[in-house]
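Every number in this text was worked out from the coordinates using simple rules, so none of it is lab data. Since the model is a prediction, treat every value here as computed from it, not as a measurement. When we count neighbours, we look across all protein chains shown, and the Cβ atoms used for this are built from the backbone with ideal geometry, even at glycine.
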Amino acid sequence: MRVFCAMVWVAVSCVAWGQESTEQQARRAIELAKAEAEALELFIDTQELKCEPEPLLRWTNPVSGQIYGDVYIWTLDGRPEAIASIYKWFSPHTHMATELQSLSESPLTMTRYGSRAWSTGKGLEMKLLTDAPEPGDRAFQRSRQMHAIAEEFVAKAEDRSDPTSTWNLRRLPKPIFRYQSEKRGIVDGAMFAFCQGNTNNPEVLLLLEAREMGGQLRWYFGLGRQNSLRFTVHRKQELIWDVPKLAPPWPAVTDPSKPYLVIKSQTGN
């Protein structure tokens, strides 16, 4: 009798899940993403990073299926050091995933629900833009400069199964995060996202920073991935960044020693 009741309960639960509206799925994905972000504790040496309480982006991708994601960042002294796209599938898959990328120039570690889950070296390198104008004295001037510089970058993705097929990524018109850090010598900074199609799901990240070095203020840039595809970035028609496809094989993106990491779980099914 107990077995029969359990089977009925499972069947009813499955029907209820199948009848869940898209609005309910989206709300549940938001709750799951927030809980996951709160369970992640990131450190540079002994300094704990701050998880910014609100997601920078919220996205879905109807072309791929029923999937909803939120994008969170962790900062130190105001500067973004790590980013995570946390998403929940409802169809054709049902799993949840946390897609992490280090944005730090230093090694970082992470615990998830109290257990060590990530320990990686630096995630990107900030490079001097030798031909960029001197950063302006005022915030609005620097904002204009950053937008102008960002427009010089063109990011492309390569199809996972067909290397001859590539497409341009769409840069969101506004930075997804603006920051400064007196401790780090960053007078101004912005993070731009390049996305696929009409989604807000970031695939490539561009950081621009006005840094004070040796008493002189100069523009620097850094690039990071947010997908396992092969990406290239050109600036003024010159190739400046070329990162390989990481998967398949899929275990390659689950290596906790790498700056790009995907953690897959069945949470929330």
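The table below gives the values:
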{"read-out": "Verdict on Phe221 being crowded, with 20+ Cβ neighbours inside 10 Å, of a type in the set (Phe, Trp, Tyr) and over 30 Å from Ala26 (Cβ atoms)", "value": "yes"}
{"read-out": "Top-ranked residue in segment 238-269 [being more than 17 Å from the chain's Cα centre (by Cα) and among the hydroxyl-bearing types (Ser, Thr, Tyr); ranked as nearest to Thr98 (Cα to Cα)]", "value": "Ser265"}
{"read-out": "Top-ranked residue in segment 53-87 [being within 17 Å of Asn198 (Cα to Cα) and in a loop (DSSP other than H, G, I, E, B); ranked as nearest to the chain's Cα centre (by Cα)]", "value": "Leu56"}
{"read-out": "Any hit, segment 89-100, residues being of a type outside the set (A, V, I, L, M, F, W, C), farther than 21 Å from Gln196 by Cβ and outside any helix (DSSP H, G or I)", "value": "yes"}
{"read-out": "Within segment 222-237, considering residues that are polar (S, T, N, Q) and within 20 Å of the chain's Cα centre (by Cα), the one farthest from Leu56 (Cα to Cα)", "value": "Thr232"}
{"read-out": "Qualifying positions in segment 63-110 - farther than 15 Å from Ala29 by Cα and surrounded by fewer than 19 Cβ atoms within 10 Å (Cβ to Cβ)", "value": "Val63, Ser64, Thr75, Asp77, Gly78, Pro92, Glu105, Ser106, Pro107, Thr109"}
{"read-out": "Some residue of segment 165-173 being touching a residue at least 12 places away in the same chain (Cβ under 8 Å), polar (S, T, N, Q), outside any helix (DSSP H, G or I) and under 27 Å from Pro55 (Cα atoms)", "value": "yes"}
{"read-out": "Residue count for segment 191-221, restricted to those that are more than 13 Å from the chain's Cα centre (by Cα) and outside any loop (DSSP other than H, G, I, E, B)", "value": "12"}
{"read-out": "Members of segment 111-151 found to be loosely packed, with under 15 Cβ neighbours inside 10 Å and assigned to a helix (DSSP H, G or I), listed by number", "value": "Ala139, Phe140, Gln141, Arg144, Ala148"}
{"read-out": "Options Thr199, Thr254; residue that is without any contact (Cβ under 8 Å) to a residue 40 or more places away in the chain, surrounded by fewer than 20 Cβ atoms within 10 Å (Cβ to Cβ), more than 29 Å from Ala132 (Cα to Cα) and among the hydroxyl-bearing types (Ser, Thr, Tyr)", "value": "Thr254"}
{"read-out": "Subset of segment 42-62 (residues that are farther than 14 Å from Thr111 by Cα and either surrounded by fewer than 16 Cβ atoms within 10 Å (Cβ to Cβ) or of a type outside the set (Ser, Thr, Tyr) (or both))", "value": "Glu52, Pro53, Glu54, Pro55, Leu56, Leu57, Arg58, Trp59, Asn61, Pro62"}
